[in-house]
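The values are calculated or read from the model by the stated rules, or taken from the named source; none is laboratory data. Since this is a predicted model, take the numbers as computed values, not measurements. Cβ atoms come from the backbone with ideal geometry, glycine included; neighbour counts cover every protein chain shown.
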């Protein structure tokens, strides 16, 4: 049996944005969230990239941030040797 949930335009736009940031459809995002809740795994914390997505960072920004972090780490290693 299927059920229908009514969302306001604002709520649906927020859902679309959240799904888009994760490269998912709104339906897939909701399905994953419901699956996690059903299993008793409500998210308690985010991994770094998930946190950036949660804050609205694009995939390009996340990739660039990771590149900069690696470059900084490499520079620190080079300075120590």
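Residues are listed down the side, and each one gets a yes or a no for (1) exposed (fewer than 12 other Cβ atoms within 10 Å of the Cβ); (2) on the phi > 0 side of the Ramachandran plot; (3) at pLDDT below 90; (4) over 12 Å from the mean Cα position of the chain (by Cα):
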| residue | (1), (2), (3), (4) |
| --- | --- |
| 6 | yes, no, no, yes |
| 25 | no, no, no, yes |
| 51 | no, no, yes, no |
| 59 | no, no, no, no |
| 63 | no, no, no, yes |
| 76 | yes, no, yes, yes |
| 80 | yes, no, yes, yes |
- [ ] Within the range 34-49, track down each residue that is within 26 Å of residue 11 (Cβ to Cβ), under 12 Å from the mean Cα position of the chain (by Cα) and part of a helix (DSSP H, G or I).
- [x] 49
Task: Subset of the range 11-23 [part of a helix (DSSP H, G or I), exposed (fewer than 13 other Cβ atoms within 10 Å of the Cβ) and either within 13 Å of the chain's Cα centre (by Cα) or assigned by TED's automatic domain parsing to the domain that holds residue 62 (or both)] - done: 17
- [ ] Sort out which residues of the range 37-49 are surrounded by 12 or more Cβ atoms within 10 Å (Cβ to Cβ) and at pLDDT below 85, and write them in order of number.
- [x] 46
